Amino acid sequence: MTKRILDGARSVFLKNGYERSSMRNIADEINYSPGTLYFYFKDKGEIFHKLYEEGFRLLLSKSRVLDNVEDPFERLKASGRNFIQFAIENRDYYNLMFLVEETAGYKEKGLNLAGEAIQHLKTTVDACQQQGRFKGMNADYLTFMILSALHGICALFCKDRTRNFKEHSTEELMTHGYQCFISILEKA
């Protein structure tokens, strides 16, 4: 039942946004009474946080698979490809994690997982610097820039904004756009 509620809630949050969603909307989506949902979750914020948490746990598990890549720059490049692949394969989670605004008190708890994902990326950036890459660059700012570039690629994909580049498919734009970004990093 919990899975059914979460699947229905994901759909409702993506259609309506967090603020315009309600327990009643979620219940309607799965053809249950709103009261039934309260046996499993205390409010929509708890449901949203559960989805947010699931998404970040999935992203972190995919990121940690690369921890055994010895060369940190190769790990960094693979991490970026991995992040983009996560958005492609998990568009709903990506949208909830990064594009749907949530204002409930659960946000702080969710930020711990987001912070853990950012720290994981920063650890790789630090390792690259220890091997002589990115000299003189602040690791926090560089991590932010890398995450921003990756998020830009993924957000354009998730919101179907790549259609404006008529000469190239979405896949081409994402693949070659990321490769251009890597070329910039290689020169830094």
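Numerical summary
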read-out: J(HN,Hα) series, region 133-141, from Karplus relation 6.51 cos²θ - 1.76 cosθ + 1.60, nearest Hz, glycine and proline x; value: 8, 6, 4, x, 9, 6, 4, 5, 5
read-out: Surface per residue (accessible, 1.4 Å probe) for region 1-128, Å²; value: 50 Å²
read-out: Label point distance in nm, E116-K42, each placed 7 Å from Cα along Cα→Cβ; value: 2.1 nm
read-out: Extension gain, D140 back to K62 (0.36 nm per residue minus Cα-Cα distance, nm); value: 25.9 nm
read-out: Gaussian network model of the chain, springs between alpha carbon atoms under 10 Å - residue of I118, I30, I84 with greatest fluctuation; value: I30
read-out: Euclidean distance of C-alpha centroids, region 130-188 and region 29-87, integer Å; value: 21 Å
read-out: Rounded to the nearest 10 Å², the accessible area of K50 at probe 1.4 Å; value: 80 Å²
read-out: Inter-label distance for S33 and A188, nm, one decimal - labels placed 7 Å from Cα along Cα-to-Cβ; value: 5.6 nm
read-out: Lys pairs under 17 Å by Cα in the chain, provided they are eight or more residues apart or on distinct chains; value: 18
read-out: Kirkwood hydrodynamic radius (C-alpha pairs) into Stokes-Einstein, the chain, 25 °C and 0.890 mPa s, D in µm²/s; value: 136 µm²/s
read-out: The chain - percent of accessible surface contributed by carbon and sulfur, probe 1.4 Å; value: 51 percent
read-out: Probe 1.4 Å - accessible area at R75, Å² to nearest ten; value: 40 Å²
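The values are calculated or read from the model by the stated rules, or taken from the named source; none is laboratory data. Keep in mind the model is a prediction, meaning the values are calculated, not measured. Here the Cβ is made from the backbone with ideal geometry for all residues, glycine too, and neighbour counts use every protein chain on show. Note: areas computed on protein heavy atoms with side chains; ligands, DNA, RNA excluded. Shrake-Rupley method; radii C 1.70, N 1.55, O 1.52, S 1.80 Å.
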